[in-house]
Amino acid sequence: MLQNKDLAVVILNWNGKALLEQFLPSVIKYSADAVIYMADNSSTDDSVAFVTKQFPTVKIIQNSENGGYAKGYNDALKHVTEPLLCLLNSDIEVTENWLQPIISEFNRDINTAIIQPKILDYKNKSYFEYAGAAGGFIDKFGYPYCRGRIFDTIEEDNNQYNDTTTIFWASGACLFIKNSVFKELKGFDESYFAHVEEIDLCWRAFNKNYKTKYVGTSTIYHVGGATLSNTNPKKTYLNFRNSLFTLVKNTDSNLVFKILFRMLLDGVAAIRFLFQLKPLFLVAIFKAHMSFYYNLPHLLKQRKQLNQRSNYYECNSIVWSYFIKKRTQF
């Protein structure tokens, strides 16, 4: 039976002293007996010295370089031996009793490998937060969406998602995973740097018959965009590029059709950005496609190596459902 002492809460940090000062106290207060780590991604501020002095119970892991979210966690988790991991963003406020429902679900269902809690918006606490909300799903063409958040439509939390249910992907903002499963899957794909790598990880877990769950009786509050804002074209670049990477690697059939249709839909998104007078976002999508073409031979090699693939999807096209049929809720 897993207990709090079997859990490592690992917070990846890069120049985030202010966030650590603000949010680390709640993690320490409400995570009794869990082992708390700060994995530092080669910060140039005094984050490490600050945590060492102010929070001496927190264990420090120092990465030799800033490899982003994916490599940062891969490097850091080599030093973590606890059987259960919580990958926690530095811009998250946790709440009392946030761990108990999660650990209970792992103990209740041995096939559960990954769990995320309810993620609400720290800046508007009655609403879900963009990055994960009440659990993630994906459509036929690799576009992700969430219960509680489809594209830019975000639902108010009226306890409609206080359940425990199977989902397809868990948010990287707060992702619980069995250490043995993380290592079996060989961690995150480091070519992603940041964004969508958790969807790729969950898809690979799904293809090995592991379950990913959402537990709505555990609540956290996420600032969101603290490292890379939604207004930053680099985030758009990484999201579009990495979702294409994930589709090629993990979907089982009709790959050429899916990629061609994705290119068409991405082109529509680029034109939309142009009409919104956001030319840098149009450029970001173009660069994402160029990087995708450049990496395609490697992706096809990965696809061949990942001989367990599936065509999981919750709906045919979330783009059609949302923009044409005007369905804005899960």
Practice task
Could you list all residues from the stretch 191-214 that are basic (Lys, Arg) and within 13 Å of residue 312 (Cβ to Cβ)?
Solution key: 204, 208, 211
Handout entry: Checklist (1) free of Cβ contacts under 8 Å to residues at least 60 places away in the same chain; (2) within 26 Å of residue 239 (Cα to Cα); (3) touching a His at 6+ places or on another chain (Cβ under 9 Å) applied to residue 15, failing item
Key = (3)
Exercise for the section: Could you tell me whether any residue of the stretch 282-293 is within 14 Å of residue 138 (Cα to Cα) and either in contact with a Ser or Thr (Cβ under 6 Å, 6 or more places away or on another chain) or surrounded by fewer than 17 Cβ atoms within 10 Å (Cβ to Cβ) (or both)? Expected result: no
Exercise for the section: Spot the failing condition for residue 184; the list is (1) in contact with a strand residue (DSSP E or B) (Cβ under 6 Å, 6 or more places away or on another chain); (2) charged (D, E, K, R); (3) under 27 Å from residue 1 (Cβ atoms); (4) surrounded by fewer than 20 Cβ atoms within 10 Å (Cβ to Cβ), and only one is missed. Expected result: (1)
Handout entry: Total residues in the stretch 15-64, condition touching a Leu at 6+ places or on another chain (Cβ under 7 Å) and not hydrophobic (A, V, I, L, M, F, W, C)
Key = 3
Practice task
Having 3 or more residues that are of a type in the set (S, T, N, Q) is the bar; report the helices (runs of 4 or more DSSP H) wholly within the stretch 146-250 that clear it.
Solution key: 233-250
Problem - Residue selected from the stretch 25-80 under the condition of a type in the set (Gly, Ala, Ser) and in contact with a strand residue (DSSP E or B) (Cβ under 6 Å, 6 or more places away or on another chain), by the criterion farthest from residue 8 (Cα to Cα) - result: 47
Problem - Candidate set: the stretch 197-215, residues that are surrounded by fewer than 20 Cβ atoms within 10 Å (Cβ to Cβ) and of a type outside the set (Ser, Thr, Tyr); chosen: the one nearest to residue 178 (Cα to Cα) - result: 211
Handout entry: Criterion (surrounded by 15 or more Cβ atoms within 10 Å (Cβ to Cβ), basic (Lys, Arg) and assigned to a helix (DSSP H, G or I)) met by exactly one of 309, 272, 303
Key = 303
Practice task
Please work out which residue is modelled with the lowest pLDDT, limiting yourself to the stretch 53-75 and to residues that are surrounded by 15 or more Cβ atoms within 10 Å (Cβ to Cβ) and of a type in the set (Ser, Thr, Tyr).
Solution key: 69
Practice task
Mind listing whichever residues of the stretch 121-141 are in contact (Cβ under 8 Å) with a residue 40 or more places away in the chain, surrounded by fewer than 24 Cβ atoms within 10 Å (Cβ to Cβ) and either in a strand (DSSP E or B) or of a type outside the set (Phe, Trp, Tyr) (or both)?
Solution key: 121, 123, 125, 131, 137, 139, 140
Completion exercise
The condition of being at pLDDT 95 or above and within 23 Å of residue 201 (Cβ to Cβ) holds, among 80, 48, only for 80
Problem - Condition broken by residue 44, with the remaining ones in (1) farther than 17 Å from residue 116 by Cβ; (2) surrounded by 15 or more Cβ atoms within 10 Å (Cβ to Cβ) satisfied - result: (2)
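The values are calculated or read from the model by the stated rules, or taken from the named source; none is laboratory data. Here the structure is a predicted model, which means the values were calculated and not measured. In this analysis, Cβ positions are derived from the backbone assuming ideal geometry, glycine residues included, and neighbour counts consider all displayed protein chains.
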